[in-house]
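The next block holds one structure in the form of structure tokens; read it before the comments.
Bear in mind that the values in this text are calculations on the coordinates, not laboratory data. Remember, predicted model here, so these are calculated numbers, not experimental data. Ideal geometry is used to build each Cβ from the backbone, glycine not excepted, and the neighbour counts take in all protein chains shown.
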């Protein structure tokens, strides 16, 4: 259960920090408006733009976390049935990141996968190539 608990703790920490970011950005805009640095229209435009940016970022975070929970479930099931080796699988196309491109088709143990850094969000055993990654680690019969 440790990977699931770690992921939950990271999610809670992320959403708490997001709340602080939103409050800070809105406070800055309101302060700028109150002190006459920007007009009401500029304040409204800035808040709308920031809200849209935060919405896109949250969609990415949520999608990435859901995929992470799915990977945790696959990892736990594989472990429960004695599978120790995992293949990196998924599309290889114009959207494929260098990290993923380098590892597609590789078969490694979870310990080995966790030694890699994807440069975005880790562990690789949960988040593979990072945000919005379309790849999976799939258990293979022990070789």
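Where does the chain land at 222 nm, in deg cm²/dmol rounded to the nearest 500, when only DSSP H runs of n ≥ 4 count, each adding -39500 (n - 2.57), divided by all residues?
Value at 222 nm, helices only: -21000 deg cm²/dmol.
Going by average Cβ density within 10 Å per residue, which order do the peptides 33-43, 67-77 take, highest to lowest?
Highest mean packing first, the order is 67-77, 33-43.
Expressed as a rounded percentage, what relative contact order does the chain have, with Cα pairs under 8 Å and six or more residues apart?
24
Quickly work out the residue 77-to-residue 42 label distance, labels modelled 7 Å from Cα along the C-beta direction, and quote it in nm with one decimal.
Inter-label distance under the simple model: 5.5 nm.
Percent of Cα-Cα pairs more than 20 Å apart in region 19-96, please.
In whole percent, the long-distance tail amounts to 58.
Answer with a single label: of (i) 20.0, 69; (ii) 22.9, 75; (iii) 14.5, 45, which was calculated as Rg and Dmax of the Cα atoms in Å from the structure in view?
Derived directly from the coordinates: (i).
In degrees from 0 to 90, rounded to the nearest 10, what is the angle of the helix 2-34 Cα long axis to the longest principal axis of the chain?
20
Ranking request for peptides 123-130, 54-61: highest mean number of other beta-carbon atoms within 10 Å first, then the rest in descending order.
So the peptides 123-130, 54-61, ranked by packing, come out 123-130, 54-61.
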